[in-house]
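Asks: First the structure, which I've put down as C-alpha cells, then a few questions once you've had a look.
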Amino acid sequence: MDNSPVILAFCCHYCAYAAADLAGTMRLQYPGSVRVLRLPCTGKIEVNYLLAAFERGVDGVIVAGCLEGGCHFQEGNLRARRRVERAKQLLKEIGIEPERLEMFNLSSAEGTRFAEIVSEMNQRIAALGPSPLRHSPEHVEHAIEELRENAEKAIAGEQK
Amino acid sequence: MQAMTSSNDVKAPSGAVLVCGAGVAGIQASLDLSAAGFHVYLVEDKPAVGGGMTRLDKTFPTGDCATCIISPKLVECMRDPNIEVLTLADVVKLEGEPGNFTATVHQRPRYVDISKCTACGDCSKVCPVKIKSEFDAQLGTRKAIDRVYAQAAPNAYVIMKGPGLCIECMRCVKACKAGAIDHDQVEKTLELHVGAVVLTPGFDAFDASQRGEFGFNHAKNVLTNVQFERMLSASGPTQGHILRPSDKKTPKRLAFIQCVGSRDTGCGNDYCSSVCCMAATKESILAKEHEPDLDITIFFLDLRAYGKDFERYYERAKNEKGVRYVRSFISRTYEMPDTKNVVLKYFGSDLKQVEEEFDMVVLSLGLEPSSALLNQAQCIGIDLNQWGFAKTEELKPLDTSRAGVFVGGVFQEPKDIPDTVMQASAAAARAMALLAPARGSQMTTKSYPPERDVTDEPPRIGVFVCHCGSNIASVVDVERVVEYAKHLPNVVYAEHTVYTCADDSQGRMKENIVEHRLNRVVVASCTPRSHEPIFRDTLRGAGLNPYLLEMANIREQCSWVHSGDAEKATQKACELVRMITGRIAESRPLKDETVPVNNAALIVGGGIAGMTAALALAEQGFPVHLVEKSGALGGTARRIYQTLDKADVQAFLKDTIARVDANPNISVYLNASVAEVEGHIGSFSSKITFNGTVRKVDHGVVVVATGATEHAPQSYGYGKNGKVLTQLELSERLGRNELSLPGKATVVMIQCVEQRNEERPYCSRVCCTTAVKNALQLRERYPNARIMVLYRDIRTYGFREAAYREAREKGVLFIRYEPEKAPELMQNGRLRVYEPALGKSLEVSPDMIVLAAPMIPRADRGELSDLLRVPLNADGFFLEAHVKLRPVDFASEGLFLCGTAHAPKSMGETISQANAVAGRAASILSRRAMPISGQVAWVDPDKCISCMTCVHVCPYHAPSIGRNNKAEIQAAVCMGCGSCTAECPAKAIELRHYLDNQILRALDHLLAGHSTEEIVEGDYLEQVGIAQQRFHKGLE
C-alpha cells in the first residue's frame, strides 16, 4: 500500500451517494483517494465521527448531502453543516487544518459535481500534505493483522 | 372453477388492474394499487419507465432535482412483486366489462433478455452505430444498443432496429458474457385478465416545426424547452452547460417564447398547456444559477402562476433573478447569417414594433396527446374531447366514457406534476372501489425459510466479489481482492463470480452461506441503491436476517471512475472491502416489525372534499368518521350552482349528501369538532365532541378536508355599497335567480382584489375561471349588458381557455390593468381604470361591481394544525409532505389532506384530490398490520436526560417523553434518518443499522485499526428488534 492521501466521504443515501453512482455511470475519472461511507442522511453525521476519522489518521473528510432545501429528511443537511462548522473549530484548536474537512451540497443528478468535489478536495489535501496523525501503511497492515488474529481466536473459541 | 362461476352467473371481479403508461402518474397509480392489495400490469410503450419527468433537470417551485425524487419511485416500482412492468408494449384491444376485462397487449421485441441483462454496458461499448438520443431530444448521441438514460428502469439495454439503426453486426452478442442478447426476438401478444383500467399515458410535446415562424429547424440557436431542459441537466448532453448549438459558446441573451402550440387556434390547440409559464420561469432561474450574467427575457401572453406557491416563484424570478417578462407575442423570427443570433420581432409596450437580437431562443412547447396515444384510446374504446384528450366532466374528473376505465394525469387535461400524481392516486382509488371485493385475490407473496438465530455467534463473514462481466474485472484484479479479503478479520470465505446478481450465482451464494455457516455477507459489486434489495432477498432465502448484508461499491465508485489506473483501483477495492468488513462485523439482525391497523378513517371537514374522500373510502369497505363543524354537510359548494361545463352543482351536492347519509360505513358528526388525537399511523385514538357529548373513536388514518373561505374585501366599498359584491356572491345570486339588473346594465368585474400583493402573495387559482363562467351566464341573461373584466393576467389554464375565448367572442370585454394603477372607484360612483396598452384611462358607470376576492384558509386552521401536529405554509394553507410527489400526504405517516385546505383549487380538482386521499389511505387501511423498517432510532433510558432535544429535532414527531419521563421513539413514525441520534447531547439514542460501533469500526478498518476502545458499552443483543419492553435498572 502506498502513501497517497486518504479522503473519507460521508455521503447521504438519496443525493450525494446517488451522485457518486452517477459519476460512475458517466465514467467520469476522479482521484482514487476517496472512500465513500453511506449514511441515510447527513443529519446522522456526528462531530464525533468527523473527529474519529481524523484521530485515525485520515487526511481529509468530505461531508456530502442534498441541496439545501432538498433534504429527503427535511433539514438534516442543515444540521450537518452546523456540525461540520463545529468540528472545524475543534480541529483548529488541536492544530489540524480545518480545510481538511468540508461540507458540500449536491443533487443526485450532479455526477459531474461529485467528481469535481473529489478533485477539488484531493488537490487541497495534496497541498496540505499528509495529516500529522497519519499512520504508516505498515502500521495499518499490522493493526489489521492484529484484528484478524483476535477474530480468529474468537471463531476458534466458538468452534471448541 | 369454471362450473362455479357459470352456475352463479355473476363472475367475481378480477383483483388485477391494467395501468397504461408508466410515467410518474402510472408509477404512482401502480404503487398505490399494489400497496392496497391489487395485482398490477403496468404497460409502457417506451423501453423504460419514468416518462417525461426523468428528462427534467429540476422541478418548480421548489427546485427539487427531478431525478432525486423520481428514482426511489422507479426502484420501488421495479422491485414490487405485484407490479408486472411490460415495456415496449401497447394495448390493442379491451373486451369485457367492468370487473372482468380482457386486454390484448402487443409487446415489441427488445432484443435483450431483461432477466439476463445485468446492465454492464459491454454491448454498448462495442456497438459501432451511433444515433441521436431521443431522450436527450436529439442533442446527445447513444448507441444502437443502449439504455434510454443512465438511471433507466428496467435497468436493461435495448436495441433500436430500423433504418439507420442496428446493423446486426452481432458484436454485442459476442461482447455479452451474460448471453442476454437475442436478435431473433419477435413481437409477443399477451392477454391480460383485469378488473379495471387506469389510463396514465401522458403527453407529447407539440411539434415545433409546425410553427415555422419561430425558426425551429431553420435557425440553429432556436431550441425547444425539452432540449433546453436536457441541456440544464447535469447528466445531460452538455453536462449542465448552456451552450449555443451553432458554436458551443455560452449565450449572453436568452429568450423564451411562450404558448408555442398552446392557446393557438391556428394549430387546433386552443387550450392552455398549464405548465409552460412556470416551466419557463424555472428554466430561467436555473439558467441564471448556471450563468449569472445571462440576460433572460420571457415573451408571454398571460403569466399563469396559478398553483401553490407559484406566484412567489414568479416574483422571485422577476425581482431577485432579474428575469425580464415581456407581454407580447412574437410575430417573426430570423437568424443573422454571420453570428447565427436570432432576431425576434414583436410589439412593444407602446404598441410600436421592436426588433431585438438574442443569442439563443427557447420555445415553450405545448402539451398534446401523441398520435400513438389517440390510436390506443380508440383500441380501448373511450371518447376523446375536441383536442384528443380523454373526455371527462368537471364533477367526474376520473371517469372516462367507458365504465371501469379511469384516467389520470395530462391525458385528462394538461397539468403539472403534483396534480398528475394526485390524479393518478385518485384514478387508482376509483379502480380500488370498483374491485374492492377482489382485493388481495391475486397478490403474490414470497415465503422464506425460518430465520437462523445468529446473535450468539461471532461474526463469520463471506465476501463475494463480482466481475460484472468486464466492468469491474477489466480494471480491478478481482482475484487479488478475493485473496486480500480472505485475510481480513472475521472473513471465513471469499470468492469471485462473473455476475454475482445472476440467478445461478445467488443460488450458489445461498449454498455457501449454509456450507460455511456464514452469518454476515459482503457483496463487492455495484451500488446498493439498485442491488441491496436483491441481495437482502438472497440472504432471507438462505435463512439469514437481511440486515446482515453489506455492499462494497467497487464498480460505480472504483472500476468505472479509476479505469486509467488498475493498480490503484485494485488497492482501493481492497480497502473498500476492508472498511465494509469492519462495519458488518458490528451489524446486528433487525426485525422488521409490524403495527396493527385499525381500518377506519377520521375525516375532518364535511364539504365536497371530505364527503368525496368519505365515499371513496366507504365504497372500498372502510368505516369512516366524518366530522363537520357546522350543522350541515356541503361546505362552500352550497353556494355554487353551476360548473364551467354547466353541470348542476346543487343536484350533485344533494346526491352526494344522500349517498353519504345512506352509506352504512359512514358515521356523520354535525356541529362537531375533534378534541384530541393520539397515536400514529394505523392506530389513532381520537375524541370527537358534538352536541355536548364526547365520543372516543379509533382509526388508522386522519384526513384534513377543512376547506377554505372567501375573504371579505376591504376595498371598493364592499359591504357598504350595495352595487359591490364578490364573485362567490354573484355565483349564488345567478344560481338562485336573485339578480335584477337593467337590460343595458354595465357590469364590471375586478380580478385579483387584495391578492397577488404583499399581504397575500398568492393567486387563488379559481377566480379567473369563475369570472369567465359568471360573465358567460350574465351574457346569456342580459344579452345587451356591457360586461367588463378588469384583470392582471387571465389564468384560465387547461381547457378553461376555451371558455375565455368564448367570452371574448360573445363580447365580454377584457381590460388589463397594472397593480400600480389599480382600478379606482370614485366618489361619483364612476370607475376609472388605466389601460396600459392604450396608455389611457377609461371611465364607466357600473351598475354592478364584482370583486374577485381571495380564497383564504379557515380561521381555525391553527388549532387543527396544533392538534394534529401538521404544518401550515406561509399563507396559512396546510403543507403537504412533498410538494411534487406527495401532494396529499402529510410528512407524518398516516395523515392526509385534500381540497382547498391544501391550496385554492376548483371543484373538479378537489374531487380528484379527495379520491387521491382514498387511494393513498387504502394502502394503510387495507392491511391488518403495517410493516415498519427495522432501521429506526432507539433511546437508552439509562442515558436519557429528558432534555427534549430529540422531540424538537425530529421532523416527524416520532420521539416523545413517555413513561418514566424518558424519551421514547415510536418506531411506526420514525423514518430512520438519524438526526436525533446526532443531536442527542447525552448520546442516549442509536439509529439501528447505523450504530456508532458500525461506523467507527468501519473507520478503524479503513484507516488504521487505530482504536479498539469500546465506544458504546454493553451488548446490543437485548435491544434487537423494536419497541420491546427492556430491562431498565433502577426503575423496574
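Asks: When all C-alpha to C-alpha distances in chain B are sorted into bins of 20 Å, what percent of pairs does each bin hold, rounded to whole numbers?
Replies: All Cα pairs, binned at 20 Å, distribute as 12, 39, 37, 12, 1 percent.
Asks: Okay, next question. Taking the 0 to 90 degree range and rounding to the nearest ten, how far is the long axis of helix B:649-662 tilted relative to the main principal axis of chain B, both from C-alpha atoms?
Replies: 40
Asks: Mind checking which of B:L728, B:T87, B:N828 is farthest towards the positive end of the protein assembly as shown's charge dipole, using Cβ charges of +1 (Lys, Arg) and -1 (Asp, Glu) about the Cα centre?
Replies: Farthest towards the positive end: B:N828.
Asks: A follow-up question, please. Which of B:M336, B:M432, B:M509 has the fewest other C-beta atoms within 10 Å, and how do the rest follow up to the most?
Replies: Ranking B:M336, B:M432, B:M509 by Cβ neighbours within 10 Å, fewest first, gives B:M336, B:M509, B:M432.
Asks: Could I ask something else about it? Which translational diffusion coefficient, to the nearest whole µm²/s, is obtained for segment B:204-367 from the Stokes-Einstein equation, given a Kirkwood hydrodynamic radius over C-alpha pairs, 10 °C and 1.306 mPa s?
Replies: Translational D for this selection: 100 µm²/s.
Asks: Using R₀ = 22 Å, calculate the FRET efficiency as 1/(1 + (r/R₀)^6) where r is the Cβ-Cβ separation of B:C379 and B:D645; round to 0.05.
Replies: 0.25
Asks: Shielding of B:952-959 by partners, i.e. mean partner chain Cβ atoms within 10 Å per residue?
Replies: The shielding value for this peptide is 2.
Asks: Follow-up. How shielded is A:135-142 by partner chains, expressed as the average number of their Cβ atoms within 10 Å of its Cβ atoms?
Replies: 3
Asks: Which value at 222 nm does the protein assembly as shown reach when only helices count, each DSSP H run of 4 or more adding -39,500 (n - 2.57), with the total divided by all residues and rounded to the nearest 500 deg cm²/dmol?
Replies: -8500 deg cm²/dmol
Asks: To continue, here is another question. Please work out the C-alpha center-to-center distance from segment B:179-223 to segment B:806-878 and express it in whole Å.
Replies: Each part's Cα centre sits 42 Å from the other's.
Asks: Quote to one decimal, in nm, the extra length available between B:K132 and B:R963 on full extension: 0.36 nm per residue of separation minus the C-alpha distance between them.
Replies: Difference between extended and current length: 292.7 nm.
Asks: Once phi is turned into θ = phi - 60°, what whole-Hz ³J(HN,Hα) does the Karplus curve with 6.51, -1.76 and 1.60 give for every residue of segment B:779-786, x standing for Gly and Pro?
Replies: 4, 5, 7, 10, x, 9, 6, 9
Asks: When averaged across all projection directions, what area in nm² does the alpha-carbon convex hull of the protein assembly as shown cover?
Replies: So the mean shadow area of the Cα hull is 49.9 nm².
Asks: Let me ask you something else. Considering only DSSP beta bridges where both residues belong to the protein assembly as shown, give the percentage that are antiparallel (nearest 5).
Replies: 45
Asks: Between segment B:283-306 and segment B:536-587, how many Å separate their Cα centres?
Replies: 44
Asks: Further question: Taking 0.36 nm per residue of sequence separation and subtracting the Cα-Cα distance, how much length would be gained by fully extending the chain between B:Q353 and B:H193, in nm to one decimal?
Replies: Gain in length upon complete extension: 51.4 nm.
Asks: Which whole-Hz couplings ³J(HN,Hα) result when phi for each residue of segment B:342-347 is put into the Karplus expression 6.51 cos²θ - 1.76 cosθ + 1.60, θ = phi - 60°, listed in order with x for Gly and Pro?
Replies: 10, 9, 10, 10, 7, 8
Asks: Still on this model: Under 5 Å between amide hydrogens, which residues at least 5 positions from B:I787 or on another chain qualify, with H placed 1.01 Å from N in the peptide plane?
Replies: Residues meeting the amide H criterion: B:V747, B:L813.
Asks: Rounded, prolate or oblate: which one fits segment B:431-507, using the alpha carbon gyration tensor with axes a ≥ b ≥ c (rounded when a/c is under 1.5, else prolate when a/b beats b/c, else oblate)?
Replies: Judged from the Cα gyration tensor, segment B:431-507 comes out oblate (a/c at least 1.5, b/c at or above a/b).
Asks: Name the residues whose placed amide hydrogens come within less than 5 Å of the amide hydrogen of A:F104, ignoring near sequence neighbours (fewer than 5 apart) on the same chain.
Replies: Hits under the 5 Å cutoff: A:V63, A:A64, A:G65.
Asks: Using Cβ contacts closer than 10 Å as the measure, can you line up B:S686, B:S30, B:S845 from fewest to most?
Replies: In increasing order of surrounding Cβ atoms, one gets B:S845, B:S686, B:S30.
Asks: Which angle from 0 to 90°, rounded to the nearest 10, does the C-alpha axis of helix B:276-290 make with the longest principal axis of chain B?
Replies: Relative to chain B, helix B:276-290 is tipped by roughly 50 degrees.
Asks: Only Cα pairs under 8 Å and at least 6 apart count here; give the relative contact order of chain B as a rounded whole percent.
Replies: About 11 percent, as a whole number.
Asks: Segment B:704-732 to segment B:48-119: how many Å between their Cα centroids?
Replies: 46
Asks: Right, something else. Just counting partner chain Cβ atoms within 10 Å, what average do the residues of peptide A:46-57 show around their Cβ?
Replies: 5
Asks: Under the Karplus relation 6.51 cos²θ - 1.76 cosθ + 1.60, θ = phi - 60°, what is the ordered set of whole-Hz ³J(HN,Hα) values for segment A:5-10, x standing for Gly and Pro?
Replies: Karplus values, whole Hz, x for Gly and Pro: x, 10, 10, 9, 10, 7.
Asks: Now for a different question. Obtain the nm distance between the two label points defined at A:E93 and B:S209 by a simple spin-label model: each point lies 7 Å from its Cα along the Cα-to-C-beta direction.
Replies: 6.9
Asks: Right, another one. Output the 0 to 90 degree angle, nearest 10, between the alpha-carbon long axis of helix B:66-79 and the longest principal axis computed from the alpha carbons of chain B.
Replies: 60
Asks: Sticking with this one: What's the exposure ranking of A:H139, A:H72, going from fewest to most Cβ atoms within 10 Å?
Replies: With the sparsest Cβ surroundings first, the list reads A:H139, A:H72.
Asks: Oh, and also: Could you work out how much longer the chain between B:E315 and B:D565 gets when fully extended? Use 0.36 nm per residue separation minus the Cα distance between them, nm to one decimal.
Replies: 85.0 nm
Asks: Given the convex hull over the Cα atoms of segment B:109-186, what projected area results after averaging over all orientations, in nm²?
Replies: 4.8
Asks: Could you give the radius of gyration (one decimal) and Dmax (whole number) of the Cα atoms in segment A:7-134, in Å?
Replies: 13.7, 40
Asks: Under the rule of at least 5 residues apart or a separate chain, name every residue whose amide H is placed under 5 Å from the amide H of B:Y325.
Replies: Answer set, sorted by chain and number: B:I298.
Asks: Okay, moving on. Taking N as the number of residues in segment B:612-755, what is its alpha-carbon radius of gyration divided by 2.2 N^0.38 Å?
Replies: After normalising by residue count via 2.2 N^0.38 Å, the value is 1.36.
Every read-out reported here was derived from the displayed coordinates using simple, explicitly stated rules and does not represent laboratory data. Here the structure is a predicted model, which is why all the values come from computation and not from measurement. Using ideal geometry, Cβ is built from the backbone for each residue, glycine included, and neighbour counts are taken over all protein chains shown.
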